[in-house]
Amino acid sequence: KEEREREEKENEEVERLERDGKEKKRLEEPEEENRLVREQQRLENEQKERERTKREEREKQERMNREEEERKEREEQQRLKREEEERLMREKKKKIEREEQETFEREEKEREERQREIEQQRTERKEREKHE
C-alpha cells in the first residue's frame, strides 16, 4: 500500500514536472516569438533609418547641386550684365569722342571761314582805298 502510494506520488510528481515543463515551454514560446518579433522590428527600424539617412543625404546633395547651379547662373548673369554695361560705356565714349571731333572740325572750319571773310573784307577795303 505504501509502495503504491509512493509510486502514485512519484507518478503525480513526474506528471506535474511534465506539465510544468510543457507550461514552461508554452510560456517560453511566446517569449521566443516576442523576441523574434522584436528582433525583426529592430532590423526593420534599422533599415528604415538607413533609408531615411540615405534619402536625406541624397536630398542634401541635390540641394547643394541646385544651389551651386543657381550661384553659377547668377554669376554668369552678372558677368553678362557687366560686359553689356562695359560695351555700352565704350559706345557712349566713342560717340562722345566722335561728337567732340565733329564739333572741333566744324568750329575749325567756321574759324577758317571767318578768317577768309575778314581777309576778304580787308582786301576789298584796301582795294577801295586804293581806288579812292
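The values are calculated or read from the model by the stated rules, or taken from the named source; none is laboratory data. As the structure is a computational prediction, the values presented were derived from the model and not from experiment. Don't worry about glycine lacking a Cβ; one is built from the backbone with ideal geometry, like all the others, and counts go over all protein chains shown.
Observations, loosely collected:
- Checking the stated criteria, residue 15 turns out to be at pLDDT below 95 and either more than 51 Å from the chain's Cα centre (by Cα) or of a type in the set (Ser, Thr, Tyr) (or both).
- When 24, 60 are checked against the criterion of being surrounded by 10 or more Cβ atoms within 10 Å (Cβ to Cβ), in a helix (DSSP H, G or I) and modelled with pLDDT of 80 or more, 60 stands alone in meeting it.
- Per this entry, residue 45 is not counted among residues that are modelled with pLDDT under 95 and in a helix (DSSP H, G or I).
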